[in-house]
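> I'd like to ask you about the structure that follows.
The values are calculated or read from the model by the stated rules, or taken from the named source; none is laboratory data. For clarity, every value in this text was computed on a predicted model and none was experimentally measured. Here the Cβ positions follow ideal geometry from the backbone for every residue, glycine too, while neighbour counts run over all protein chains shown. Calculation scope for accessible area: heavy atoms of the full protein, side chains included, ligands and nucleic acids excluded. Shrake-Rupley method; radii C 1.70, N 1.55, O 1.52, S 1.80 Å.
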Amino acid sequence: MAADTGRFLNDQQIGELLSKIRHYELSEQKYRNIQSRLDMQLDIFKRIHKCAQAVFAAENLREMTNLIAEGVVDIFQLEVGAVFSLSTTGDHIELLGECNVGQTELSVPFDSRLLARIDFWNFGKQEAVWETSIADDSAFKSMNLAKAIYTPLFNNARKFEGLILGGITQSGKNFYDFKPAEMSASFMVFSQMMNGIYNNMLAVRQALAAEKAKGQFLTNISHEMRTPLNAIIGMVQISEKSGAVKDYEKAVKQIAVSSKHLLGLVDNLLDLARIDENKLQLVAEPFDLQELIDAVLTSIKPISAAKKQRLNVSFHKIRQFSFIGDRLRLSQVLLNLLSNAVKFTPEEKPIFMDITEKSRDAQKVLLNFSVKDSGIGVSFEFQKRIFFPFERSDESLSVKAVGTGLGLVISQRIVELMGGRIELESAPQQGARFYFDVWLLPDKQK
């Protein structure tokens with residue numbers, strides 16, 4: 001009887017069938033893996049959305065940053081979450097919000113070279129930064145972290161503001177499957193969303209603070225203008241009623257002082273208006289730097305002498321004193337900084353002003369001006385808004401000092417027109433140092 005070969009598969013056909021089965025099994029496994037990752041990503045995005053709603057409803061900055069830190073821990077199944085903000089000096093980042101960090105105040109060194117590891121605003125190159133193991137020289141070594149992942153916070157002007165960080169500790173490193181490469185995309189999405197909410201809150205807070213400060217400014221300026229006006233009116237009445245030469249001379253002197261103070265207030269208001277309308281123009285003219293400093297000191301010495309303060313002025317590496325620039329505006333800035341130094345320095349304490357030539361080329365010279373007082377310093381909170389219009393020293397300074405809160409903002413704008421920027425170094429009970437760089441043209445005819 002002939003064999004019925006049609007009812008059986010040969011070895012080749014069996015091999016092909018098994019190969020197809022394996023292919024389908026691998027495809028199904030691949031599909032299940034993709035589906036699992038998609039489900040995981042969907043779950044993460046749901047968690048991010050839930051966290052964003054909570055963060056958006058936060059009533060203050062501390063609550064917001066704590067919620068962001070808690071979101072890092074919950075969403076990415078990490079042990080530690082933290083939000084850091086850049087210090088005013090720019091060389092440290094300070095703990096702003098935390099979850100499981102174990103401390104509410106922490107400052108760690110910050111190396112700006114870290115930012116070179118991430119191109120945050122180039123959406124084709126986005127990656128979260130991570131440390132698969134914390135190096136001995138890492139900024140986060142003091143946090144007892146074994147591994148960390150973090151992305152930067154930028155403000156609306158795209159300037160570095162701080163970091164959002166997540167990590168696992170030394171004690172938990174053996175219990176976590178830390179895969180930052182897989183976590184990176186989701187962590188970046190989370191950070192971008194938190195970054196947007198964070199900056200919106202800051203913008204709203206700044207707008208509200210500016211509106212409040214503006215209202216306080218109107219109250220202050222009304223008081224400041226009434227004081228010299230009342231003095232002038234009072235002295236005029238005294239001089240009219242009294243025929244004594246002594247009373248008349250005293251009244252004239254008081255009228256002169258009050259009129260000068262009133263004129264200064266009006267000048268500040270006009271300067272601010274010109275600056276806001278971009279109408280303040282610098283005038284380039286030859287001047288002698290030594291004579292400029294002498295004139296500024298002559299104006300300030302009567303006030304400092306009354307408080308028995310010591311004014312220490314030094315020049316460093318100055319090769320020449322003849323320059324071309326806006327003498328009046330530079331004097332205005334220095335006089336304002338020195339006036340503030342005198343105001344906040346106790347009696348018989350020193351004030352330092354240093355002028356240093358930092359560099360020069362064939363066309364221009366870079367000068368650094370520094371004014372340091374011996375006062376009680378500026379609080380870290382107030383340092384963030386000290387150059388805002390209408391702001392005055394916070395009440396914690398406990399100094400009975402008058403002013404409109406316009407001097408520093410006008411000085412800052414003037415220095416910016418000169419191509420520089422006023423910076424502040426200060427700490428409570430350690431005084432304050434204001435300094436700035438400006439480029440000036442050397443007067444080659446002198």
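> Among the residues of the range 350-373, are any modelled with pLDDT of 80 or more, open to solvent by less than 40 Å² (accessible area, probe 1.4 Å) and of a type in the set (S, T, Y)?
Yes, some residue in the range 350-373 is modelled with pLDDT of 80 or more, open to solvent by less than 40 Å² (accessible area, probe 1.4 Å) and of a type in the set (S, T, Y).
> Now for a separate question. Take the conditions at pLDDT 90 or above, closer than 12 Å to F434 by Cα and in contact with a helix residue (DSSP H, G or I) (Cβ under 8 Å, 6 or more places away or on another chain) and apply them to L330. Does it pass?
No, not satisfied.
> Kindly indicate which of E79, E63, E94 is at pLDDT 85 or above and under 26 Å from D177 (Cα atoms).
Testing whether each residue is at pLDDT 85 or above and under 26 Å from D177 (Cα atoms) leaves just E79.
> Separate question: I'd like the full set of residues that are open to solvent by less than 50 Å² (accessible area, probe 1.4 Å) and not β-branched (V, I, T), limited to the range 308-331.
Hits for the range 308-331 are Q309, L311, S314, Q320, S322, F323, G325, D326, R329, L330, S331.
Conditions tested, residue by residue: (1) assigned to a helix (DSSP H, G or I); (2) under 22 Å from V83 (Cβ atoms); (3) at pLDDT 70 or above; (4) among the charged types (D, E, K, R).
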| residue | (1), (2), (3), (4) |
| --- | --- |
| F178 | no, yes, yes, no |
| S184 | yes, yes, yes, no |
| V189 | yes, yes, yes, no |
| N195 | yes, yes, yes, no |
| N220 | yes, no, no, no |
| E224 | yes, no, no, yes |
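> On the basis of being modelled with pLDDT under 90, open to solvent by 10 Å² or more (accessible area, probe 1.4 Å) and either of a type in the set (A, V, I, L, M) or in a helix (DSSP H, G or I) (or both), does V402 make the cut?
yes
> So which residues in the range 336-349 are under 20 Å from Q412 (Cβ atoms) and open to solvent by 60 Å² or more (accessible area, probe 1.4 Å)?
Scanning the range 336-349 gives a single hit, K343.
> Can you tell me which residue in the range 135-150 is nearest to the chain's Cα centre (by Cα), limited to those that are loosely packed, with under 14 Cβ neighbours inside 10 Å and not in a helix (DSSP H, G or I)?
Result: D137.
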